[in-house]
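Engineer: Before anything else, here's the structure in question.
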Amino acid sequence: MNGEGMRDAVRADVCSEVIDQIRARLQSLAPESVEIEDESALHVGHAGAASGGGHYRLTITSTAFSGCTKVARHRLVYAALGDLMQRHIHALAIVAGAPGERTAAADASSGTKHPFKGAIV
């Protein structure tokens, strides 16, 4: 394996570990579903990618979000992730909903109208 291939393999291992850490820390919100996508490859050359912080997309469903504003939901996620936000995550796109809610993001991603159910656990 050449130097670039080795670097990509190491990066994939690091991203997998970060995703596992994100998933573990989000358990404090008792999620019904969690989907985490690593979008770091889309940001190669970006300052955050150069510093080692990954770019992730999170879709989460939890009763902890019931009655909360979008900002409050994001704050709950950031609090659960703690220092990962400063060390290992450069950017995090969040879609957070309570069970049974509908969101524009969920509708747009599927192309159909349906209740917000989060995604794959």
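The values are calculated or read from the model by the stated rules, or taken from the named source; none is laboratory data. Keep in mind that this is a model prediction, so the values were computed, not measured. For the accessible areas, the whole protein counts, side chains as well, though only heavy atoms, and no ligand, DNA or RNA atoms are used. Shrake-Rupley method; radii C 1.70, N 1.55, O 1.52, S 1.80 Å.
Engineer: Could you go through the stretch 28-34 in sequence order and give the Karplus-derived ³J(HN,Hα) for each residue, using 6.51 cos²θ - 1.76 cosθ + 1.60 with θ = phi - 60°, rounded to whole Hz, and x for Gly and Pro?
Structural biologist: 5, 8, 6, x, 7, 8, 9
Engineer: How large, in percent, is the carbon and sulfur part of the accessible surface of the stretch 59-100 at a probe radius of 1.4 Å?
Structural biologist: 56
Engineer: Read phi for every residue in the stretch 87-93 and hand back ³J(HN,Hα) as whole Hz from Karplus 6.51 cos²θ - 1.76 cosθ + 1.60, θ = phi - 60°, with x for Gly and Pro.
Structural biologist: Running phi through 6.51 cos²θ - 1.76 cosθ + 1.60 with θ = phi - 60° gives 9, 10, 10, 8, 9, 9, 8 Hz.
Engineer: Let me ask something else. Using modelled amide H (1.01 Å from N, peptide plane; none on Pro or chain starts), what sits under 5 Å from the amide H of Ser62, excluding residues fewer than 5 places away?
Structural biologist: Here the answer is Glu32, Gly97, Ala98, since their amide H atoms fall under 5 Å of that of Ser62.
Engineer: For a quick check: with amide H placed at 1.01 Å from N, whose amide H comes under 5 Å from Glu101's, ignoring anything fewer than 5 positions away on the same chain?
Structural biologist: Phe116
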